[in-house]
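Note sheet for the following structure.
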Amino acid sequence: MAIKLTLTEDETEILIDALEADMEGYLESAKEARGNNNREDVKTFTEAAERIQALKARLEALLGQ
């Protein structure tokens with residue numbers, strides 16, 4: 001299923017900023033899980049951060065960043 005949205009550049013930049021903050025949270029959680037030797041959480045948080053990074057990159061490409 002695809003969802004089509006029409007966003008202004010400002011709205012897209014807001015989403016990019018929010019994704020960046022969210023991604024940083026997941027990376028920090030992965031780091032903490034690594035320190036606690038919790039491999040399953042490391043995998044989960046790392047995968048989430050990678051997916052967020054991919055979406056963020058797609059939005060940045062739309063803005064020519």
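No lab work stands behind these numbers, since they all come straight from the coordinates. For clarity, every value in this text was computed on a predicted model and none was experimentally measured. Backbone-built Cβ (ideal geometry, glycine too); neighbour counts: all protein chains shown.
Listed by first and then second residue, the pairs linking a residue in segment 37-65 that is surrounded by 12 or more Cβ atoms within 10 Å (Cβ to Cβ) to a residue that is among the basic types (K, R), with Cβ atoms under 7 Å apart and 6 or more places separating them unless they lie on different chains, are V42/R34.
When residues in segment 1-14 are screened for being assigned to a helix (DSSP H, G or I) and loosely packed, with under 15 Cβ neighbours inside 10 Å, 4 of them pass.
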